[in-house]
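Here the structure comes first, spelled out in structure tokens, and everything after it is commentary.
Read-outs throughout are calculated quantities, based only on the coordinates presented, and are distinct from any laboratory measurement. Since this is a predicted model, take the numbers as computed values, not measurements. Ideal geometry is used to build each Cβ from the backbone, glycine not excepted, and the neighbour counts take in all protein chains shown.
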Amino acid sequence: MAEHPAYPVGLRLSGRRVVVLGGGQVAQRRLPALIAAGADIVLVSPHATPSVEAMADAGEITWVRRAYQDGDLAEAWYALIATSDPEANTRASAEAERHRVWCVRSDDADQATAWTPATGHSEGVTVAVLTTHARGRDPRHTAAIRDAVVEGLRDGTLVAPHHRTRTPGVALVGGGPGDPDLITVRGRRLLAEADVVIADRLGPRDLLAELPPHVEVIDAAKIPYGRYMAQEAINNALIEHAKQGKAVVRLKGGDPYVFGRGMEEVQALAEAGIPCTVVPGISSSISVPSAAGIPVTHRGVAHEFTVVSGHVAPDDERSLVDWPALARLTGTLVILMGVDKIGKIAETLVAHGKSPETPVALVQEGTTAAQRRVDATLATVAETVRAEDVKPPAVIVVGEVVRVGPETSA
Ligand SMILES: C[S@@+](CC[C@H](N)C(=O)[O-])C[C@H]1O[C@@H](n2cnc3c(N)ncnc32)[C@H](O)[C@@H]1O
């Protein structure tokens, strides 16, 4: 066959007969996509792998248990020839040629009239990569290009904005604890498609530097709010930009709904009639201890963990936390926003029955290059915070899990 480049095309096989010859590994790899395409699949093969057999048992394919015979391809629109018998493959591809059935041959790409591209999917798009000529066929290279494109689209490093489907509105994105690798794939993609990003002080701020120059980045802490409350000013900024038809990302630290005031923003947007999606994030309450080698639960040590805010002291009338009840729990206590009040908190826990020897760890700026862990006990934590100059943001972990490490076993 002359060395012209292959012509790429998408076959719409729904309800159309596709004949597969051979029930081995090649069929096993190719059948799921043919099934997903809705093809009417007939497998002709005396044997099949257990997975292929399961597809037949489930009624996804029709299995004719015998070797290939001339005439099997007569009614087919498309054929996959993949038996272990080269002579049968050659006869079958001659029959395909006679009947003008496009056919893929697993054993001889040169003789095939069609090639299967390396395919992947992202956001309603199929990425298919083909080698241009038979001579240069390098399936690993085409698969690597497919992976690079699909991964890039998923994680936002390859920017391909949706011009038709992109709807203006706000995405409330949980950015994770700080390490740029710890945002979700969906969050990263939305960030890559944003016109405006309103970001908190916490979260993956390194990602902001990667945004293209046309993206307006607004520091939420610096929004002038005059007579307004800061939160109200942020809500208004979200609404104003969305009303201008822009794709707005509200990038928040951790998860938007863990002490993140996420629902207040969702409510304000709903009142203004602005569409909003919420993308969950990895909360610092679990990931920051984890990054410092502390499991919030451990078999035989802690069967529960409780996450509380320590932003107001236990004796403050605004506190909604039942500290005496927490003192009675045997599991792990994770305190966010508690550095300033940790002295009072430790005192209260001990006064209500927790041992002063209960271990405590403070993890400052977890998952970032500046991460540090300081250990203490409830009796010493106030003094340790002063002496070690522990500063927010920090997650404080109280409980025996602090002492669990690779060298201990339950
Ligand atoms: C207003 S809360 C927001 C929590 C966030 N929504 C989450 O799910 O992680 C801020 C507190 O989270 C904790 N925090 C967030 N990121 C942190 C990090 N990288 N290292 C240590 N603590 C962090 C600190 O306790 C900080 O004071």
_Spelling out what I want: for every residue of the range 215-222, take phi, set θ = phi - 60°, compute 6.51 cos²θ - 1.76 cosθ + 1.60 (Karplus), and round to whole Hz; glycine and proline get x._
7, 8, 9, 10, 7, 4, 5, 9
*Rounded to the nearest 20 debye, dipole of the chain from Cβ charges on Lys, Arg, Asp, Glu*: 600 debye
*Taking 0.36 nm per intervening residue step and subtracting the Cα-Cα distance, what contour gain separates GLU97 from ALA221 on full extension?*
37.8 nm
*Could you give the nm distance between label points at ALA37 and ASP206, where each point is 7 Å from its Cα heading toward the beta carbon?*
4.2 nm
*Considering amide H positions built from the backbone, and no H for Pro or chain starts, which residues 5 or more places from ILE218, or on another chain, come under 5 Å of its amide H?*
VAL197, ILE198, ALA199
*Table column - 3J(HN,Hα) (Hz), the range 138-146, Karplus curve with 6.51, -1.76, 1.60, x for Gly and Pro*: 9, x, 5, 5, 5, 5, 5, 5, 4
_Where GluC sites (Glu not before Pro) fall in DSSP loop in the range 1-61, at most 13 other Cβ within 10 Å_ = GLU3
*asked:* Through the Karplus equation 6.51 cos²θ - 1.76 cosθ + 1.60, θ set to phi - 60°, convert the phi angles of the range 377-388 into ³J(HN,Hα) values in whole Hz; use x for Gly and Pro.
replied: 10, 4, 5, 10, 4, 4, 5, 4, 4, 5, 5, 8
*Taking all pairs of different Cα atoms in the chain, averaging 1/r and flipping that mean, what Kirkwood radius in angstroms comes out?*
26.0 Å
*Can you check how the C-alpha radius of gyration of the range 1-83 compares to 2.2 N^0.38 Å, as a plain ratio?*
1.11
*Nearest 0.05, what FRET efficiency do SER355 and ARG261 give at R0 = 45 Å with Cβ-Cβ as r?*
0.80
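Given the peptides 137-148, 20-31, arrange them by the average over their residues of other C-beta atoms within 10 Å, most packed first.
Top to bottom by mean Cβ count within 10 Å: 20-31, 137-148.
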*Find the centroid of the Cα atoms in the range 97-130 and in the range 293-345, then give the distance between the two in whole Å.*
58 Å
*asked:* When 1/r is averaged over all different Cα pairs and the result inverted, which Kirkwood radius in Å belongs to the range 209-350?
replied: 18.0 Å
*What FRET efficiency would be calculated for the residue pair ARG12, ALA54, taking the C-beta separation as r and a Förster radius of 22 Å, to the nearest 0.05?*
0.25
*If you keep only loop residues by DSSP, which GluC sites (Glu not before Pro) in the range 353-410 have at most 14 other Cβ atoms within 10 Å of their Cβ?*
GLU357, GLU407
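So what's the back-of-envelope 222 nm ellipticity for the chain, counting only DSSP H runs of four-plus at -39500 (n - 2.57) apiece and dividing by all residues, rounded to 500?
Computed mean residue ellipticity for the chain: -8500 deg cm²/dmol.
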*Over the Cα atoms of the range 287-346, what Rg and Dmax result, in angstrom?*
12.3, 37
*When the Debye formula is applied to the Cα atoms of the range 286-403, each taken as the same point scatterer, what base-10 log of I(q)/I(0) results at q = 0.18, 0.22 Å⁻¹?*
-0.85, -1.31
*At THR330 and ASP108, where each label point lies 7 Å from the Cα along Cα→Cβ, what is the point-to-point distance in nanometres?*
7.3 nm
*Relative packing of 36-43, 215-222, which averages over residues the other C-beta atoms within 10 Å, highest first*: 36-43, 215-222
